[in-house]
Amino acid sequence: MSNQGRGQRRRAGMAAVIAALLCAVPTQAQIRVEGEVLDGRTGRPLQGVIVQFPDLGLAALTDSMGYFQFDAVPRGSQVISTYHFAYDALSAVTPIVLGDVLALNLTPRPIELRGVAVDVRPRGEIEALTTGRSSDFIGPEVIERLAQRSGRVLDVLRAKAPPRLQIRQQNSAGGMQFCIQSSRRRPSIQEIRDLGSGCHPVLLVMDGVVIYAPPSTSDFVALVAPSLPADVASMLLNQNPNEIESIRVLTPTDAFFRYGDPGRLGAVEIVTKRPTGRRR
């Protein structure tokens with residue numbers, strides 16, 4: 001073979017080696033990068049966070065597990081940043097190392113809602129409004145106004161008694177008889193036979209704790225005039241309304257579904273401003 005042919009073959013071999021090196025260098029310098037984005041306070045994964053390498057023009061979106069992945073990122077130190085409307089933006093320089101999993105913790109930030117007014121109401125009032133029974137709820141503003149006239153919860157109930165809530169109080173030889181009765185519906189003939197025509201007291205609940213439950217149906221037969229126990233009656237008579245946050249009257253149906261048989265005649269829920277056993 002001539003010298004000219006050997007030279008051409010040598011140059012072709014060197015060109016192939018150089019081309020292979022040029023193709024291999026970027027492949028070896030770029031690696032896969034993966035990681036997760038978490039709420040910095042709760043540690044829960046965040047979905048829908050935009051994760052970027054801004055200098056490289058790369059971006060990804062986290063999934064339901066807060067996971068993100070980039071298939072090819074150059075080794076070395078790179079700027080990584082995040083964006084989510086409910087969290088402070090994160091921008092930092094991080095080393096890109098093969099096998100590392102990035103963990104990005106974001107700090108929640110308040111969201112300004114222009115033109116939106118938030119009216120905070122007690123849960124009982126919201127339930128009463130959504131069921132069309134707003135008159136069955138006595139809120140903090142009304143109680144505060146009525147408390148200026150009287151220092152007893154009983155007077156607040158009398159002044160702002162929801163429809164068909166009857167309060168019976170009378171003195172007798174056996175002492176004071178006191179009864180709060182719901183007459184949302186007329187009793188059936190069978191109920192009159194079982195319970196009599198007297199007062200049918202409702203269930204009384206304060207801060208989620210039952211303070212009075214009416215007697216059972218069989219016990220009503222022996223009671224000529226059912227009355228609240230003296231300590232419960234005294235508490236209602238002497239309770240300072242300034243310590244009350246809200247009062248809600250439940251119909252017999254609603255009270256039965258919430259409290260079972262003790263609520264079959266209705267219920268009155270009282271929530272204080274400093275509860276010790278409030279049901280959530």
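Worth pointing out:
- Backbone phi angles across segment 90-96, fed through the Karplus curve with coefficients 6.51, -1.76 and 1.60 (θ = phi - 60°), yield HN-Hα couplings of 10, 9, 7, 8, 10, x, 9 Hz in residue order; Gly and Pro are listed as x.
- Around Leu46: net Lys/Arg minus Asp/Glu count, Cβ-Cβ under 11 Å: -2
- When peptides 55-63, 239-247, 262-270 are sorted by average Cβ neighbour count within 10 Å, with the highest value leading, the order is 262-270, 239-247, 55-63.
- Close amide H contacts of Tyr87 (hydrogens built in the peptide plane, cut-off under 5 Å, sequence separation of 5 or more or a different chain): Arg109.
- Shown in residue order for segment 59-64 are the 3J(HN,Hα) couplings computed by the Karplus curve 6.51 cos²θ - 1.76 cosθ + 1.60 at θ = phi - 60°: 8, 8, 10, 6, 8, 5 Hz (x for Gly and Pro).
- Neighbourhood net charge (13 Å Cβ-Cβ; Lys/Arg +1, Asp/Glu -1) for Glu34: -3
- Summed side-chain charge close to Ala86 - residues other than Ala86 whose Cβ falls under 10 Å, Lys, Arg +1, Asp, Glu -1: -1
- Relative packing of peptides 98-107, 144-153 - highest average C-beta neighbours within 10 Å first: 144-153, 98-107
- For Met206, nonlocal amide neighbours, meaning residues 5 or more places apart or on other chains whose placed amide H falls under 5 Å from its own, are Ile211, Ile270.
- Proximity of backbone amide H atoms, modeled 1.01 Å from N, is registered between Ser246 and Val271 at under 5 Å, excluding neighbours fewer than 5 places apart on the same chain.
- Efficiency of FRET between Asp39 and Glu144 - r from beta-carbon atoms, R0 41 angstrom, step 0.05: 0.60
- Protection proxy ranking of 85-92, 68-75, 109-116, 202-209, by the mean of other Cβ atoms within 10 Å over each peptide's residues and highest first, is 202-209, 68-75, 85-92, 109-116.
Taken together, the values in this text are just the output of simple stated rules run on the coordinates, not laboratory data. In this text, all values refer to a predicted model and were calculated from it rather than measured experimentally. Glycine gets a Cβ as well: all are built from the backbone with ideal geometry, and neighbour counts include every protein chain shown.
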